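Notes follow once the structure below has been shown.
Read-outs: derived from the displayed coordinates by stated rules, not from any lab. Remember, it's a predicted structure, so these values are computed and weren't measured experimentally. Note: ideal-geometry Cβ built from the backbone for every residue, glycine included; neighbour counts use all protein chains shown.
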Amino acid sequence: MRCSVPLLVFGALALASLASAKPVKLGLITQLVNFGDSLTDNGNGSYLLTNKTWPADPAYFNGRFSNGPTGGLNDIFFAIGTPVFESPEKFAEGSAKRLMQAVEVLRKAGAINFIIPYGPKLDTLPYTSTTSPSVQASFSAYSKALHLAVQKHAKAYLRAHPLLHIVLFDGDVDSTLGGAEAFKVTDKPCLVGAYGEAPRSLCAEPDQYLFWDLYHPTTRAHSFLAQKAFKAIKRAA
């Protein structure tokens, strides 16, 4: 089966490198650097590269793919027609390997403290509900397989590099984020039509929505993700 969705998932490359000379306790962390794509973009990525033409909708905040500040979670969509979902498990394994290759590049540059999210659950995205049942099943299988693959490869990498700190945390964006009652709307986006998929409309209360558009969380959802990441770092410290 060749996936017919317009943008396909490459992997969960949301990676935060905390620069330091040796493993540090939480109180000594002074800087967090995020690596990723549109879920991490602070307006210095796509917006500047496209001469401030994308994202085009004025409701996006300062070139970010949300209605406000964003965090460090990430899912990368790309490559029209790539047969990713012929084997979700195999593709997840490759994604996890490429993630650790990125960690290796940063390690060689001197970074030793990392935080890597497992998620998100791609089958919970509003976009996914517009696809066929077979594609939805592939999204779900890929997300589950990626969780296991990232965990496996991160543990193996730590065994080879015991002086590093790698913190894994649940980066799922679903109805449980922030608690069961945190959002009134968890299956539909606040901003509709940003990708030309429907006539444009904008909700009146973005903070009540889990998702800003078909793919990206609202800034309030990002704040809950940041809290989860902070708690994961605190536990590890």
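Measuring nothing but alpha carbons in segment 155-237 and taking Rh as the Kirkwood radius, the Rg to Rh ratio lands at 1.15. The label-point distance for ASP170 and GLN227, in a model that sets each label 7 Å from Cα toward Cβ, rounds to 1.4 nm. On the beta carbon distance between ARG235 and ALA198, with R0 = 41 Å, the FRET formula returns roughly 0.50.
Just list whichever of LYS121/LYS234; LYS90/LYS234; LYS155/LYS184; LYS121/LYS152 have alpha carbons separated by over 26 Å in the model shown. Where the Cα-Cα span goes over 26 Å, the pairs concerned are LYS90/LYS234; LYS155/LYS184. With coordinates expressed along the principal axes, the C-alpha atoms belonging to segment 59-236 extend over 52, 38, 30 Å, beginning with the largest. Under 1.5 on a/c is rounded, so check that first for segment 90-172, then, if it is not, pick prolate when a/b is larger than b/c and oblate when it is not; a ≥ b ≥ c are the square roots of the alpha carbon gyration tensor eigenvalues. Because a/c hits 1.5 or more and a/b exceeds b/c, segment 90-172 counts as prolate. The slack in the chain from ALA160 to LYS108, taken as 0.36 nm per residue of separation less the alpha-carbon distance, amounts to 17.3 nm.
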